[in-house]
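The values are calculated or read from the model by the stated rules, or taken from the named source; none is laboratory data. In this text the structure is predicted, and so the values were computed from the model without any measurement. Cβ: placed from backbone, ideal geometry, glycine included. Neighbour counts: every protein chain shown.
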Amino acid sequence: KLDARAREDEARMLKIQEEVRALSTLSFSTPLRSLLSSRSALFSLCFLGASIARFFFPALLSRRAHQGRQARLRAEAQHQERIKREHQKKIEIKETLDRQVEEMNRRKEVEKHLIARQSEIFRQQAQEAAMDEQRRLQARKRDQEIYRMQLEDQLRLDAKLRPARDLMMTEVEKKLNRNFRQP
């Protein structure tokens with residue numbers, strides 16, 4: 001931006017110098033031309049030339065003013081366009097960030113639902129395992145109870161049959177003893 005302004009200023013200066021030189025060749029004497037070589041004299045003559053130009057060439061001045069206004073309007077339009085582009089870029093960045101945040105929040109929600117579902121499955125599996133363990137313990141107790149009842153029944157039956165068995169055993173023993181006696 002500064003380079004463009006510097007170039008414009010330099011171009012204006014060159015134009016003014018050319019106009020002053022053109023004016024000096026027309027009506028100025030030689031000593032005045034030697035003054036044009038010094039820079040301060042050049043600037044003062046530029047201002048003098050500008051005032052002469054304003055007086056003698058008002059149409060030229062209005063054209064230059066019109067060109068200046070056009071240049072200013074172009075610069076203002078470029079500036080507004082740049083501001084508009086920057087604003088649009090900021091809006092796009094904000095929208096991109098908003099999309100990323102929404103995507104991240106959506107992913108977190110999905111992960112939360114997956115974790116909740118997984119924990120529910122684990123809880124059900126743990127509950128099922130506990131129920132299986134309880135069923136096994138109950139089956140074991142039931143089997144032990146059945147075995148104990150069978151033993152009790154066997155003992156009762158043995159208790160009922162003991163006198164008869166003792167009697168039978170004594171008869172068998174007597175027979176055996178008779179057979180094993182040696183004369």
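Some observations on this one:
This table checks each residue for (1) under 30 Å from Glu8 (Cβ atoms); (2) modelled with pLDDT under 90; (3) among the aliphatic types (A, V, I, L, M).
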residue	(1), (2), (3)
Gln67	yes, yes, no
His87	yes, no, no
Leu97	no, no, yes
Glu145	no, no, no
Val172	no, yes, yes
Gln182	no, yes, no
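- Criterion applied to Arg156, Arg140, Arg107 was being surrounded by 10 or more Cβ atoms within 10 Å (Cβ to Cβ), assigned to a helix (DSSP H, G or I) and under 27 Å from the mean Cα position of the chain (by Cα), and the one residue passing it is Arg107.
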